[in-house]
Amino acid sequence: TNPRGPYKRISDLWDDPEEDHRLAKFIQSQYDLNIVTPTTTLISGHQIPVIGLGTWRSAKGVVRDAVAMAIRSGYRHIDCAAVYNNESEVGDALNTVLAEGVVRREDLWITSKLWNTEHARNRVLPALQHSMRSLQCDYLDLYLMHWPITGNKGPQVEPPIKETWQAMEDLVDRGLVRAIGVSNFSAKKLADVLGYARIKPSVCQVEIHPYFRNDALIEFCKGHRIHVTAYSPLGGAPDTSTIVGRELPSPLKDHTVNAIADKMQKSAAQVMLRWGLQRGTSILPKSSNAHRIKENLDVLGWSLSDADFGRLSDLKQTRMLDGVWWLQAEGPYRTPQDLWDE
Ligand code: NDP
Ligand code: 1BO
């Protein structure tokens with residue numbers, strides 16, 4: 001079928017109006033409309049669904065099915081980034097589900113991120129437009145500065161973060177994005193942005209899971225009504241160790257996490273995701289597996305007791321995605337301390 005062709009509807013092909021009805025019923029049956037993901041209100045006034053599907057390292061050829069299946073299963077929030085190099089496959093999936101007519105664009109929350117090489121004032125708009133074209137969206141719900149990093153030499157970040165932030169604000173003025181925010185920023189770097197922002201960051205997306213609580217940053221954001229989104233809520237994929245160049249522990253295998261999961265007849269992943277929700281963060285579990293995509297959404301309608309929440313909040317802490325690969329002797333970030341201000 002094609003709205004501009006001779007067969008606009010399936011009934012035009014078969015000369016049977018019942019075929020339209022059968023197809024509509026079949027498509028409807030593919031959707032789980034009983035799950036309604038809760039949302040939280042951002043400082044921009046928009047409602048962000050608190051569970052989103054992560055797409056980093058979701059392979060081309062796999063991510064399309066993962067996103068379509070996630071939306072049919074009840075996800076309404078997809079977390080993307082230009083650097084994930086799979087936005088056009090995500091865009092194909094969005095196009096497919098929107099054409100099915102059960103979910104409308106305004107029901108979805110689509111996030112993308114500005115890559116580090118695109119921070120200059122005149123590169124921000126083209127970078128967003130590139131992501132919008134790939135995602136087949138005429139607006140994005142949220143656009144984040146991916147890292148406070150440009151890779152320049154010298155003591156200060158160049159172009160300065162202020163210049164990039166102002167270019168991000170222009171995107172809101174143009175109606176191309178609903179909300180803007182940052183990712184991988186420390187409280188100190190966020191405080192700098194708050195010092196000059198005309199439009200305040202709505203979201204700060206950072207690493208958070210039981211092995212990395214990120215307490216101080218969450219506290220800072222609460223005080224400034226900046227919503228915190230937890231990335232790597234399951235502790236990240238096993239191959240993160242090859243990126244950071246050291247062995248990483250997996251909270252999914254943690255004894256305490258698994259003991260709580262067994263007791264509650266939930267999976268370790270569900271227990272960790274529920275912990276993230278109970279801390280007031282939104283969560284972005286990544287999976288490209290049909291069963292695990294559904295499992296990760298089944299974290300509503302039950303809760304962890306205060307005692308179990310406390311035990312999960314008491315585990316040994318390790319930042320997984322420490323960003324050490326960005327550090328350079330001649331750049332503004334020479335040590336992890338420079339990057340994270342800790
Ligand atoms: P996650 O913490 O989401 O873990 C993903 C890993 O867990 C994959 O190996 C996945 O495998 C596996 N997994 C998923 N569900 C389950 C389950 N129920 N049981 C067991 N294993 C499971 O890692 P990510 O680092 O991908 O973080 C999630 C998302 O956050 C990213 O995809 C990205 O969108 C965002 N992010 C943003 C960053 C930033 O800099 N702003 C940095 C890092 C992440 P499988 O696919 O086979 O299920
Ligand atoms: C280096 C990219 C981190 C994933 O968002």
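The values are calculated or read from the model by the stated rules, or taken from the named source; none is laboratory data. Quick caveat: nothing in here was measured; it's all calculated off a predicted structure. Every residue, glycine as well, gets a Cβ built from its backbone with ideal geometry; the counts of neighbours run over all protein chains shown.
Any idea which of (1) of a type outside the set (K, R); (2) under 19 Å from G323 (Cα atoms); (3) surrounded by fewer than 17 Cβ atoms within 10 Å (Cβ to Cβ); (4) away from ligand 1 (no atom under 15 Å from the Cβ) is the one A187 doesn't satisfy?
Among (1) of a type outside the set (K, R); (2) under 19 Å from G323 (Cα atoms); (3) surrounded by fewer than 17 Cβ atoms within 10 Å (Cβ to Cβ); (4) away from ligand 1 (no atom under 15 Å from the Cβ), the lone unmet condition for A187 is (3).
Please verify whether S313 is among the hydroxyl-bearing types (S, T, Y) and crowded, with 17+ Cβ neighbours inside 10 Å, treating the condition exactly as stated. Explain how you work it out, then say what you get.
On the way: among the hydroxyl-bearing types (S, T, Y): yes; crowded, with 17+ Cβ neighbours inside 10 Å: no.
For S313, the condition - among the hydroxyl-bearing types (S, T, Y) and crowded, with 17+ Cβ neighbours inside 10 Å - is not met.
Filter region 116-153 down to the residues that are within 16 Å of ligand 2 (Cβ to nearest atom) and surrounded by fewer than 16 Cβ atoms within 10 Å (Cβ to Cβ) and list them by number.
Matches in region 116-153: T117, G151.
Going through region 283-304 one residue at a time, which ones are more than 8 Å from ligand 1 (Cβ to nearest atom) and among the aliphatic types (A, V, I, L, M)?
I283, A290, L297, V299, L300, L304
Say we look at region 89-109 and pick out the residues that are within 16 Å of ligand 1 (Cβ to nearest atom) and either in contact (Cβ under 8 Å) with a residue 40 or more places away in the chain or out of contact with any Lys or Arg (no Cβ under 9 Å at 6 or more places or on another chain) (or both); which of these is nearest to I283 (Cα to Cα)?
Out of the qualifying residues, it is W109.
Which residue is modelled with the lowest pLDDT, if the candidates are limited to region 236-271 and must be assigned to a helix (DSSP H, G or I) and near ligand 1 (Cβ under 8 Å from one of its atoms)?
Among those that are assigned to a helix (DSSP H, G or I) and near ligand 1 (Cβ under 8 Å from one of its atoms), it is T240.
Only residues that are more than 20 Å from T281 (Cα to Cα), away from ligand 2 (no atom under 16 Å from the Cβ) and either β-branched (V, I, T) or assigned to a helix (DSSP H, G or I) (or both): list them for region 44-69, please.
Hits for region 44-69 are V62, R64, D65, A66, V67, A68, M69.
Just give me the residues in region 70-101 being in a loop (DSSP other than H, G, I, E, B) and among the aliphatic types (A, V, I, L, M), in sequence order. I'd like the intermediate steps shown before the answer.
Looking only at region 70-101, we keep the residues that are in a loop (DSSP other than H, G, I, E, B), and these are 74-76, 80-81, 85-86, 101.
Residue satisfying the conditions is A81 alone.
Which numbered condition trips up G280, out of (1) buried (at least 17 other Cβ atoms within 10 Å of the Cβ); (2) within 17 Å of the chain's Cα centre (by Cα); (3) more than 10 Å from ligand 1 (Cβ to nearest atom)?
Condition not satisfied by G280: (1).
Quick one: how many residues across region 187-232 are within 16 Å of ligand 2 (Cβ to nearest atom) and over 18 Å from the mean Cα position of the chain (by Cα)?
Qualifying residue count for the region: 0.
State the number of residues belonging to region 213-235 that are more than 11 Å from ligand 1 (Cβ to nearest atom) and within 15 Å of T318 (Cβ to Cβ).
Narrowing region 213-235 to residues more than 11 Å from ligand 1 (Cβ to nearest atom): 213-228.
When the remaining residues are screened for being within 15 Å of T318 (Cβ to Cβ), the result is 213-215.
Count: 3.
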